[in-house]
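Here is the structure we will look at, set down as structure tokens.
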Amino acid sequence: MHGRPRRPDKPEDAAAAEAKAAKLRDLQAQVLHNHHSRTYTKEALGLSFKLLEINPEAYTAWNYRKLAFQHNIGELSEPEAIKSAIDDELRVVEVALRQNPKSYGAWYHRKWLLNQKLAPVDFKREFGLLDKLLKVDARNFHGWNYRRFLARFMGVPEEEELKYTMDKISDNFSNYSAWHNRSILLSNLLIKQSKGFESKQKIFSEEFELVTQALFTDPSDQSGWFYHLWLLAQTSSPENPQLIASWPSNGSNLSLSSLSSICCYSLKEGILPIVLYFNEPVKGLSSSSVSLNSDLVVSKNIQWRPLSVTDSGHSNCWVTYLEVSNLECNSLQQFSVEVSITNSDEIVSRSGSNYNCPVHFSFTFELSNNDSTAKDIDPIHELISWDFSEPLLSHVNPSCICFEQLKITNSLVHKESNWHLERLSDEIDLFRELHDDNSKFAKLTLARLLLACAAIKSRGSSLVERKGYCEESLGLFNDLIDLDPSHKRYYEDERSLVLMDQLTCDMEAFKKYCSVKALPKLAPLNHVQLCRLSLTRIGFAERLLWVQMLDLSHNNLRSIEGLEALQQLVCLNLGNNQISSFTALEPLTKIISLKVLDLSCNEIGTHPIDTTRYICPSPFSHRVEACEAFEECRKKNINVEEFWDAILFFKHVNLVQLCLEGNAVTNKENLRTLVVTLNPSLKWLDGKFVH
């Protein structure tokens, strides 16, 4: 249990543990034998009971008892006999729970038995068992999970369960499980708009009052702070998912080389990406939920893909690729594309909310005969220099920087947002009165409240008022880094998000970090330089969709998640950061236009045991289809088992220029061979021409 000090082992303890282990091994062997031989006699079941009585976490024993129950119940016809068999199994579960009240296998077995619906459930007995358990440990989340199961099974009104959570919270403000169950019940009641729960404003105002009492009663307890965080999330964000940015933006004109339009490098590859960026992760984008009309011949089965490093199906950012490689243009020709999203039940957020904010935008792109014939010629003719001392150009061409976003319009910032802002402002005033310089929860909550207000302001017309909120929150995160060093990385990441917000929220202020970079035979590329800012993570990528050259060198980046949204990115400098593995670079494999990458002076290969390597599937520990890249590397005598993460990265990028010097991994034999083998288009490696 938490907070219990360990006492030193005595000699007799070691002997008792050895005897117990021997008995367990013997019982496990017998149960496995009966399992394999499908022996379901009374004696065999008795052995499994003895095993579970000692070790309730023996999952195979629980599965064996399920099979035995299904086998033996089929031979019974009398209701009393069936009920007796069920009661016997329930008693086995109760014995196991006395040994370990948090046994996953035991709780699952009990739910499985009730779900068989072979006999009437004695709910009085079930709720009585729960009451006894929660009196011993009121925060046992297994017990609360089982209570939710029973309430659904029995059809207990959620209003009654909400009252029960209030009773438990009144007994003990520190009951995290009760607060958590309350958040689940309130969410359901508000979505259904049950009687008495039609007004979110009224309900959330009452909940803020309730949790504030808990926080001021015991500021050191975590439970109330987490519930306050949930309330804050409900109050500061729109109820439904909304589109907040796109590339191309509305009204833009793209080309490969025209100086009067925005350079789209991917047109050279015969591909035009369309990016949609939402304010929260959504799923359900398809040709039926997103309408695409063009004077091109567009396939009816156009595929929208989530740009996410996870496989959950939800993503903030979605992309589709228009094929333009087969177009025949005898002269300069302009094509138009229109994108429409109407109210759609198909586009759904993680919380179950539907998209209900219709959006329509259009753009054009130009192609000429020269563009189509030059697609096999790479325009990166010379080594790209990342000279940090080189001043940014002051004459930024506004037509090249396409900062216009599909923002939420003022008409959508309705009265409810005003209430949200008033409520949050009251909370800010309240927490400023909580004079406790050493309370990390108070400082963190105040920082989150300030940022929530800043987010609401960003949905309106004013950006000036946001500055004060962001400045104060930055100070709080700096205080938290000193006050709570064990969570330093988390606070650094949160501070980085605030910095990114400050830098990119206003185009006039952001222009000092922007320039244009001219490459031979290409229109100027949009260049952004965010160096030496102590960034540890990327945020607000939706404001950078137009960027084609990005310099993030001399920061403290450990993750680059978010850059996958930048589908126009051609050149990227990540030198002098803290990237520790090739796996951390997975977002870059989703950028089709990336040609220049600087990874110099990072920490790739420095750590002998690097868990980040296993964030993505290893072909040697998961079922991943064998690919030609592995076979090709084996033919070059490359140790595939050692370099699998590098192979998975380099087989998915098509680079012209790469810099790896200053990383420990470059000292490993055959790395250079691997890189050149998997990137036949590579011209420069570590500043030297590749022959």
ask   = Solvent-accessible area per residue for the range 171-213 at a 1.4 Å probe radius, Å²?
value = 50
Residue (of TYR164, LEU186, PHE49) at the positive-pole extreme of the range 12-192, dipole from beta-carbon charges = LEU186
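Could you sort the peptides 15-22, 489-496, 210-217 by per-residue average Cβ neighbour count (10 Å cutoff), highest mean leading? Numbers along the way, then the final one.
Details: 15-22: 10.5, 489-496: 19.6, 210-217: 17.4.
For the peptides 15-22, 489-496, 210-217, the packing ranking is 489-496, 210-217, 15-22.
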query = Among VAL665, SER553, VAL516, whose Cα lies farthest out toward the positive end of the dipole of the range 512-689, if unit charges sit on the beta carbon of Lys, Arg (+1) and Asp, Glu (-1)?
reply = VAL516
ask   = So, with a 1.4 angstrom probe, what is the percent of accessible area on the range 464-527 that is carbon and sulfur?
value = 53
message = For a test of the definition: using alpha carbon positions, the gyration tensor, and the 1.5 limit on a/c, classify the range 12-192 as rounded, prolate or oblate.
response = oblate
note = Once the in-chain neighbours fewer than 8 apart are removed, the lysines whose Cα is under 20 Å from LYS50 read LYS20, LYS23, LYS42, LYS66, LYS102
request  = Could you give the size of the charge dipole of the range 512-689 about its Cα centre, using +1 on the Cβ of each K and R and -1 on the Cβ of each D and E, expressed in debye and rounded to the nearest 20?
outcome  = 540
task = Run down the lysines and flag those whose C-alpha is under 20 Å from the C-alpha of LYS590, throwing out any fewer than 8 positions away in its chain.
result = LYS268, LYS283, LYS651
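What whole-number value in Å² describes the accessible area per residue of the range 531-608 for a 1.4 Å probe?
Working: 1790 Å² over 78 residues.
Heavy-atom SASA per residue in the range 531-608 reads 23 Å².
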request  = Classify the range 145-243 as rounded, prolate or oblate from the Cα gyration tensor: take a ≥ b ≥ c as the square roots of its eigenvalues, call it rounded if a/c is under 1.5, otherwise prolate when a/b beats b/c and oblate if not.
outcome  = oblate
ask   = Among the lysines, which fall within straight-line cross-link reach of LYS457, defined as a Cα-Cα distance under 16 Å, with same-chain neighbours fewer than 8 residues apart omitted?
value = LYS407, LYS415, LYS467
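On the accessible surface of the range 55-192, probed at 1.4 Å, how many percent belong to carbon and sulfur atoms? Don't skip to the answer; put the middle values down first.
Values: 3730 of 7060 Å².
Accessible surface attributable to carbon and sulfur in the range 55-192 totals 53 percent.
The values are calculated or read from the model by the stated rules, or taken from the named source; none is laboratory data. In this text, all values refer to a predicted model and were calculated from it rather than measured experimentally. Every residue, glycine as well, gets a Cβ built from its backbone with ideal geometry; the counts of neighbours run over all protein chains shown. The accessibility values were calculated without ligands, DNA or RNA, using every heavy atom of the protein model including side chains. Shrake-Rupley method; radii C 1.70, N 1.55, O 1.52, S 1.80 Å.
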